[in-house]
Amino acid sequence: MTQPAPAITPEIVAEHGLSPEEYDRVLAAIGREPNLVELGIFSVMWSEHCSYKSSRIHLKKLPTEAPWVICGPGENAGVIDIGEGAGGKKLAAIFKMESHNHPSYIEPYQGAATGVGGILRDVFTMGARPVANLNALRFGRPDHPKMKHLISGVVHGIGGYGNCVGVPTVGGEVNFHKAYDGNILVNAMTVGVAEQDKIFYSAASGVGNPIVYVGSKTGRDGIHGATMASADFGEDAEEKRPTVQVGDPFTEKLLIEACLELMASDAIVAIQDMGAAGLTSSSVEMASKGGVGLHLKMDDVPQRETGMTAYEMMLSESQERMLMVLKPGKEEFAKAIFHKWELDFAVIGTVTDTGRMVLEHHGEIVCDIPLAPLADDAPLYDRPHVPTPKQPELTNVPETTDVAADLKTLMGTPDIASRRWIWEQYDSQVGADTLQTGGDAALVRIHGTNRALAMSTDCTPRYCYADPVEGGKQAVAETWRNISAVGATPLAITNCLNFANPQRPEIMGQIVGCLDGMAQACRALDYPIVSGNVSLYNESKATGGGSAILPTPAIGGVGVIEDLNKAVGIGFRRTGDIVLAVGERAGHLGQSVWLREIHGREEGPPPQVNLRCEKRTGDFIRTAINAGWITACHDVSDGGMAVTLAEMALKSNIGVLVSEEQPFGVAESFFGEDQGLYLVTVCDTCLADFLDAAGRADVPVDPVGRTIKDRIVFELEGSDHQVTLAELREAHEGFFPNLMGADAALA
Amino acid sequence: MKTAVIVFPGSNCDRDMAVALEQVTGRAPAMVWHRDTDLPDGTDFIALPGGFSYGDYLRSGAMAARSPILRSVADAAGRGVPVLGVCNGFQVLTEAQLLPGALMRNAGLNFVCRTVPLKVENSQSLFTASYNAGEEINIPVAHHDGNYFADAATLDRIEGEGRVAFRYADSVNGSARDIAGVLNDAGNVLGMMPHPERAIDRAHGGTDGLRLFEAALGVLA
């Protein structure tokens, strides 16, 4: 059954998301009118999602190199040296974060599940066994009529997929803001570990080598997902449900095991997963990177349905599929492995020297286009951008009347409340190497060693909105800080850049500003970016909001601790310990959670990140932890020092008496979201060494109070404000169960 | 001491189980593929690991229970070889009718992953001899279908025969009579939802699971 070839009308071009100018580029590239298959291929390869046409010019400014970087951006995931593993083998961490925002809003369970599946494939396609999943989620107002359904679906989707494939979900972050009412964000990160001499890349080579398709069959699901992810949501968002893919974690698990089994041999020349834009982007990228051509026989593509056209097969986003180039003669050997795992295996073409992509279907050539223009001639835009105006300084900030009461309120607010309801639905322990979830950074032992990976995902979108440059710096610095706070050395980051419509100059200004801030922080902290993903057009008219999301450059950081026994957690260890603040204090209330939640004001400039102080303080904290001086450590973030103290107290059910004179006003001192600031307890016999080393490192240390039993007491001039840990715990633990209720699982 | 871990498509705690067995016996277990029909000669301990065999399709454990290797596992169990099924392994053992009852979706409908206190009900079995009767131990759970069900007569019988190995100290998943682990009538087959292989090392935050392996494997050493 061949499809009659429709004439390419301007309407068809527009439906494919190409502008008239871009279509002219297509005509110039191939020297004639494309047919529908060819147009489809150009449209997905030149979509924002695949081509980064609006962001590429600015992404180049990010630092991507360090002596420990093995492979930076451009491959399926970034690769860094993490030292020796069991048996002295040199190991690499391979990691990336990716968005699945649009599908997750339309169909939250499958959207989130396939987001996890996709990022897992990006990592194991390079030869790594995935060892940890993390995520970064943004939802709208908790009381928005659609939100419970979205939260429930996303959490179940992430768990449903990750739990089944057997990769522990060890960390993540969740924020709520009305700007996400019509466009939630689901960013998933996977970290894997490979031997350095068993890393696989995607550049196809070797004329005549077989091109092999493995995994699930191709169906009609997810056609044009990449194009959907490259436009705003209209009011018809719901009708786009058929463009969302359906995941099967069981097949993914088989695919992981089969690929890793084959990768233990020397049969593979190149391998690439089929993610967004499926067979099109995987084949085009493999050929382009290798500077070769491809001849594919579409009849040989394993198909789930009969009567599929070449167009449908090339644009399908069916999940759990991979494309490989094998060494000649290895087909039977590889096939036996995939058949053992009950997966499809088909030779669907060969590598050629033509530099062209030729597709054959039912004995006819249905596509014959030069490959170079698909990558090289992709549109590149330097879109107009205006810098975000600076926020005026805060004025008329009221003083708090009861620190303890405000603290109790904050502990139950959406952005600070306990996420237990979420993380208990994720298998965080499979692999039996998980050492810590929650806390500042997740810790996962490098299997068979005494060393561990430390990982954290962070971003504070309200800071990025108020000041993109400072917000970009802060997002990077916070992951660096969180990794330092457990005692690990931060090594590199991945990012997932979520923004609204880049064709609006103020949004483009947010993108440029955030990237500028991120680049500054990466340079100052010696903390390069090795992989990433850009998700634009995150705005929606679907809920009547017409609203853009807050700029959300989510960062995922990875570090290593050399001796896992040295790692520290956030919980106080015993009563009678002195609590110290380490770092510069500023009492900064602009854009604080306290100001927003207690006074309903989202105002002021965000806190500044002084990158030199940040580095100095973090380096000192890490040294002090590895020297064994620090017994508990937690960095100050949302909600300021009061919330930090409360989290340390709730972790181990030991309270704190805050008795020391504070450097600023009461609200500023306890709720200011100062950056590069840590609270620690130090062992008695180490205090002198600790203070001495801090002095030499030029890091300020301020006493805050000491640990006591079962309550938090703020001893202030004139009056004591206090709250029991039981009350705090009730507020902290109540939010999610109250919101989601018993019917939460029914979505 | 020759141990074996059965690997189904979708098993995902097979490696963790192998690490635990090797840690205790000093010898790596045989990893036995579900399609094999025979266990290695002289196998004297069999573990069915956690995971999602066959993606939990149809019912969790149902398809794995019909794998070729299960006939050999049943034969070995009949000869008195110790068989430990953890999580999905427990589900497989009930589906294979080597243990009574069934495991249904958690009462709260959500997957639940947390370390839970267990009460040791029977400290006389070969798996639990290192514990004291009534002792409380902490072992992680991670499951969606851990809600143990059997009819009242069966529950009365297994309780009367001392075949409830462990009980949840607090309700976790709606299990009948808070049953977390069940023995067969000969006492050589144990199925349990909690994961002892995730509590064998100080880095796990506790080593209560190690004692189960030490007892089960030590008896035979």
Condition first: within 14 Å of chain A (Cβ to nearest Cβ) and among the polar types (S, T, N, Q). Now tell me which residues in the range B:52-90 satisfy that. B:Ser53, B:Ser60, B:Ser67, B:Asn88
For a quick check of your reading of the model, give me the residue pairs whose first member lies in the range A:712-737 and is touching a residue at least 12 places away in the same chain (Cβ under 8 Å), whose second is among the polar types (S, T, N, Q) and assigned to a helix (DSSP H, G or I), with beta-carbon atoms closer than 8 Å and at least 6 apart or on different chains. A:Ala731/A:Thr409
Which residue out of A:Phe736, A:Phe670, A:Phe690 is within 14 Å of chain B (Cβ to nearest Cβ), of a type in the set (A, V, I, L, M, F, W, C) and assigned to a helix (DSSP H, G or I)? A:Phe736
Filtering the range A:403-423 down to residues that are crowded, with 16+ Cβ neighbours inside 10 Å and either of a type in the set (D, E, K, R) or within 14 Å of another protein chain (Cβ to nearest Cβ) (or both) yields A:Asp406, A:Lys408, A:Asp415, A:Ser418, A:Arg419, A:Trp421, A:Ile422, A:Trp423
Could you go through the range A:446-461 and let me know if any residue there is farther than 27 Å from A:Phe499 by Cα, more than 14 Å from chain B (Cβ to nearest Cβ), touching a Ser or Thr at 6+ places or on another chain (Cβ under 8 Å) and not in a loop (DSSP other than H, G, I, E, B). no
Check off (1) under 26 Å from the mean Cα position of the chain (by Cα); (2) more than 14 Å from chain B (Cβ to nearest Cβ); (3) surrounded by fewer than 21 Cβ atoms within 10 Å (Cβ to Cβ) for A:Pro392 and give me the number that stays unchecked. (1)
Given the residues A:Gly172, A:Gly157, which is the only one that is part of a helix (DSSP H, G or I) and away from chain B (no Cβ under 11 Å)? A:Gly157
Just checking: which of the strands (runs of 3 or more DSSP E) contained wholly in the range A:297-370 hold 3 or more residues that are over 34 Å from the mean Cα position of the chain (by Cα) and away from chain B (no Cβ under 14 Å)? A:344-352, A:356-361, A:364-370
Test: residue in the range A:552-563 that is within 14 Å of another protein chain (Cβ to nearest Cβ) and crowded, with 20+ Cβ neighbours inside 10 Å: yes
Test B:Asn106 against the stated conditions and say whether it is within 14 Å of chain A (Cβ to nearest Cβ) and either under 30 Å from A:Gly171 (Cβ atoms) or at pLDDT 95 or above (or both). yes
For A:Leu550, only one of the following conditions fails: (1) touching a Lys or Arg at 6+ places or on another chain (Cβ under 8 Å); (2) assigned to a loop (DSSP other than H, G, I, E, B); (3) in the same structural domain as A:Glu668 (by TED's automatic domain parsing). What is its number? (3)
Being surrounded by fewer than 17 Cβ atoms within 10 Å (Cβ to Cβ) and away from every other protein chain (no Cβ under 14 Å) is the requirement here; does B:Gly134 meet it? yes
Counting only residues that are part of a loop (DSSP other than H, G, I, E, B) and touching a residue at least 60 places away in the same chain (Cβ under 8 Å), which one in the range B:11-48 is surrounded by the fewest Cβ atoms within 10 Å (Cβ to Cβ)? B:Asp44
Only residues that are touching a helix residue (DSSP H, G or I) at 6+ places or on another chain (Cβ under 8 Å), at the interface with chain A (Cβ under 10 Å from one of its Cβ atoms) and not aromatic (Phe, Trp, Tyr): list them for the range B:1-48, please. B:Val7, B:Pro9, B:Gly10, B:Ser11, B:Asn12, B:Cys13, B:Asp16, B:Met17, B:Val19, B:Ala20, B:Arg35
Residue count for the range A:396-435, restricted to those that are part of a helix (DSSP H, G or I) and either of a type outside the set (Val, Ile, Thr) or under 18 Å from A:Asp638 (Cα atoms) (or both): 12
Matching option when the condition is within 14 Å of another protein chain (Cβ to nearest Cβ), touching a residue at least 12 places away in the same chain (Cβ under 8 Å) and either under 19 Å from B:Pro49 (Cβ atoms) or in contact with a helix residue (DSSP H, G or I) (Cβ under 8 Å, 6 or more places away or on another chain) (or both), among B:Phe149, B:Phe166, B:Phe213: B:Phe213
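The values are calculated or read from the model by the stated rules, or taken from the named source; none is laboratory data. These figures come from a predicted structure and were not determined experimentally. No Cβ is skipped: glycine too gets one built from the backbone with ideal geometry, and neighbour counts run over all protein chains shown.
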